[in-house]
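Structure first, commentary second.
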Amino acid sequence: FQDKVPAFMGQLIADFRLTDIQAAGVFGNIGHKCAGFTVFHEIGQPPGQGGYGWAQWTGSRRDQFISWYLSHNLTLSDDRANYGFLAFELRTSQNAAISALMKTGDLEGAVQAFERNYERAGVPNYPSRNNWASIALAAFRRH
C-alpha cells in the first residue's frame, strides 16, 4: 500500500484537483475496503457475490466494474482497472463524492465525506479508514 498509494494519490489529485489530504481521504476508504490493495473479492463471499475490487463494489456497481475492466482487457486485480473504474465513477454516477470532498479541509472530514458520498458503508468503521488515510498521506508526503 505504502509503495503504490503515492502514485494513485498523485493521479487522483491531478484528475480531480484535490488536495493531498482529500486524496488521502479517498485512499483511507479504499485501503480499509481492500486491506491495502491485497483483497479484491470480499472475504467469505462466493464467486459473483459480495464486493469486488479496491472499493469492494457490490450489486449493480460490481456488475459495472466487471463490465468496465473486461471491456478494457484488464483483470479484477489490475490496478489500472481499479483506478480507471474509480475515476470513471467519480466523473459520472458518483461525482457528488468529489463535490463533498472539495468542501473538506482535514483528514477525518475527507474520510467521512468520501465514505458518506461514495462508499455508503453499513458499518463505517472510521478508526480503520482514518488509519489507512494517515498511512496514505504519510506515504504520499514521503514520496
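Residues in segment 124-133 that are surrounded by 16 or more Cβ atoms within 10 Å (Cβ to Cβ), in contact (Cβ under 8 Å) with a residue 40 or more places away in the chain and out of contact with any His (no Cβ under 6 Å at 6 or more places or on another chain): 2 in all.
Within segment 79-103, being assigned to a loop (DSSP other than H, G, I, E, B) and open to solvent by 30 Å² or more (accessible area, probe 1.4 Å) holds for Thr92, Ser93, Asn95, Met102, Lys103. Could you grab the pairs with beta carbons closer than 7 Å, sequence gap of 6+ or different chains, first residue in segment 50-69 and part of a helix (DSSP H, G or I), second one crowded, with 21+ Cβ neighbours inside 10 Å and hydrophobic (A, V, I, L, M, F, W, C)? Listed by first residue and then by second, the contacts come to Phe65/Trp57; Phe65/Phe85; Trp68/Phe85; Tyr69/Ala81; Tyr69/Phe85.
Suppose we keep only residues that are under 26 Å from Gly50 (Cβ atoms) and part of a loop (DSSP other than H, G, I, E, B) within segment 104-123. Which one would you say is least open to solvent (accessible area, probe 1.4 Å)? Once the filter is applied, the top-ranked residue is Ala121. Taking segment 12-48 as the range and being open to solvent by less than 20 Å² (accessible area, probe 1.4 Å) and within 15 Å of Asn125 (Cα to Cα) as the test, the residues that pass are Gly25, Val26, Phe27, Gly28, Asn29, Ile30, Gly31, Cys34. Quick one: is His72 surrounded by fewer than 20 Cβ atoms within 10 Å (Cβ to Cβ), in contact with a Pro (Cβ under 7 Å, 6 or more places away or on another chain) and of a type outside the set (Gly, Ala, Ser)? So His72 fails the test. Among residues of segment 71-88 that are touching a residue at least 40 places away in the same chain (Cβ under 8 Å) and more than 14 Å from Gln56 (Cα to Cα), those with a beta-carbon under 6 Å from a residue that is open to solvent by 30 Å² or more (accessible area, probe 1.4 Å) and not in a loop (DSSP other than H, G, I, E, B) at least six positions away or on a different chain give the pairs Ala87/Asp15. Pairs are defined by a Cβ separation below 7 Å, a sequence spacing of at least 6 or placement on different chains, a first member in segment 15-40 that is touching a residue at least 12 places away in the same chain (Cβ under 8 Å), and a second member that is among the polar types (S, T, N, Q) and not in a helix (DSSP H, G or I); the pairs so defined are Gln22/Thr104; Gly25/Thr104; His32/Asn125; Lys33/Gln56; Cys34/Gln56; Phe40/Ser77.
The values are calculated or read from the model by the stated rules, or taken from the named source; none is laboratory data. Here the structure is a predicted model, which means the values were calculated and not measured. Ideal geometry is used to build each Cβ from the backbone, glycine not excepted, and the neighbour counts take in all protein chains shown. Side chains included, ligands, DNA and RNA excluded: accessible areas come from the protein's heavy atoms. Shrake-Rupley method; radii C 1.70, N 1.55, O 1.52, S 1.80 Å.
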